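**Q** The structure's right below; bear with me while I get my questions together.
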């Protein structure tokens, strides 16, 4: 990626000690996004830049005061999008979610990279899974949990 000019600067750990030091940086800056509306999405590395530009433009068009940061694990296509604005957990939540998730459509991205679907992302599941895939998931759920007692309704409803 460096040779292709996709990355201008970076660090690769050469030992367990360096790896631990690099991961420690993440822990030191996590407080910066604790009050933000945070997302974890996934898409092809080649599409990350354009996706982030589109998300930022869409959010800023609707919420000009929003502060947006994106960072992630490029090695596994996992991108974290953090949005900070007044009332973002209430007033702007639906708008921010819509822009973050619906912007994935042209890139065939996933609405969750590492934190699952749950109730929060349930309505957006069709963005990253086809109707056939969702039906297969439901079929597996019914066969493995016929009484629907394990997290009922958390990813999809079986009704």
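FYI, it's all coordinate maths here, none of it is from the lab. Worth saying up front: this structure is predicted, and the values here are computed from it rather than measured. Cβ: placed from backbone, ideal geometry, glycine included. Neighbour counts: every protein chain shown.
**Q** Quick one: give the max-minus-min coordinate of the C-alpha atoms of the stretch 22-74 along each principal axis, largest first, in Å.
**A** Result for the stretch 22-74: principal-axis Cα extents of 35, 28, 13 Å.
**Q** Please compute the Cα-Cα pair-distance distribution of the stretch 86-159 with 10 Å bins starting at 0, giving whole percents from short to long.
**A** Bins of 10 Å from zero give 17, 44, 28, 10, 0 percent of pairs.
**Q** P(r) tail for the chain, what percent of Cα pairs lie past 23 Å? Working shown, then result.
**A** Working: 6110 of 12561 pairs.
Summing the P(r) tail past 23 Å for the chain gives 49 percent.
**Q** Something else about it: Give me 55, 155 sorted ascending by neighbouring Cβ count inside 10 Å, so fewest comes first.
**A** Working: 55 24, 155 18.
Arranged by neighbour count, lowest to highest, 55, 155 become 155, 55.
**Q** Let me ask another. Does anyone have the angle between helix 16-29 and the longest principal axis of the chain? Alpha-carbon axes, 0 to 90°, nearest 10?
**A** Orientation of helix 16-29: about 80 degrees from the principal axis.
**Q** Could you work out how far helix 93-102 tilts from the main Cα principal axis of the chain, as a 0 to 90 degree angle to the nearest 10?
**A** With rounding to tens, the tilt is 90 degrees.
**Q** What ranking do 56, 144 get, fewest neighbouring Cβ atoms within 10 angstrom at the top?
**A** On the way: 56 18, 144 8.
Least to most surrounded, the residues fall as 144, 56.
**Q** Between residue 18 and residue 130, what length comes free when the chain is fully extended (0.36 nm per residue of separation minus the Cα-Cα distance, one decimal in nm)? Let's see the in-between values first.
**A** Values: separation 112, 0.36 × 112 = 40.32 nm, distance 4.11 nm.
Stretched fully, the residue 18-residue 130 segment lengthens by 36.2 nm.
**Q** What do you get for the angle between helix 131-144 and the principal long axis of the chain? Use alpha-carbon atoms, 0 to 90 degrees, nearest ten.
**A** With rounding to tens, the tilt is 70 degrees.
**Q** Here's another thing I want to ask about it. Could you tell me, in Å, what Rg and Dmax come out for the Cα atoms of the stretch 1-43?
**A** Gyration radius and largest Cα-Cα distance of the stretch 1-43: 14.0, 37 Å.
**Q** Please give the length that would be gained between residue 108 and residue 2 if that part of the chain were fully extended, namely 0.36 nm times their separation in residues minus their C-alpha to C-alpha distance (nm, one decimal). Don't skip to the answer; put the middle values down first.
**A** Details: separation 106, 0.36 × 106 = 38.16 nm, distance 2.47 nm.
Separation in residues times 0.36 nm, less the Cα-Cα distance, equals 35.7 nm.
**Q** Expressed in nm to one decimal, what extension gain is obtained for the pair residue 50 and residue 156 from 0.36 nm per residue of sequence separation less their Cα-Cα distance?
**A** Details: separation 106, 0.36 × 106 = 38.16 nm, distance 3.01 nm.
That pair, residue 50 and residue 156, stretches by 35.1 nm at full extension.
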